[in-house]
Amino acid sequence: MNTADAANELGVSTKTVQRWVKQLQLPASRNELGHYFFTEDDIAILKEVKEQLKNGTPMQDVTVKRPKKTFFIKK
């Protein structure tokens, strides 16, 4: 899912999604053009972020569970 789709699902702007990813150093992947690409796990994390901010948590105090990513190396 691209940034616009993620923003639409979350009910926020694309700039907000990009800001959250950068400020919280979230593990979003990028496509071949360098644009963010979000998985369902990424969206779940962003929903956690949105909920914490909605409940008054300052950005610097937002915590997220970072799933372990598995990397494969082609030989």
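The values are calculated or read from the model by the stated rules, or taken from the named source; none is laboratory data. Computed from a predicted structure; not experimentally measured. Neighbour counts run over all protein chains shown; Cβ positions are idealised from the backbone, glycine included.
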Within region 42-66, considering residues that are surrounded by fewer than 16 Cβ atoms within 10 Å (Cβ to Cβ), closer than 14 Å to Gln25 by Cα and among the charged types (D, E, K, R), the one modelled with the highest pLDDT: Asp61
Where a residue in region 27-41 is within 11 Å of Thr3 (Cβ to Cβ) and its partner, wherever it lies, is aromatic (Phe, Trp, Tyr), with Cβ under 8 Å and at least six apart: Ala28/Tyr36; Ala28/Phe37; Ala28/Phe38; Arg30/Tyr36; Arg30/Phe37; Asn31/Phe37
Enumeration of residues in region 1-41 that are at pLDDT 95 or above, closer than 16 Å to Val64 by Cβ and among the small types (Gly, Ala, Ser): Ala6
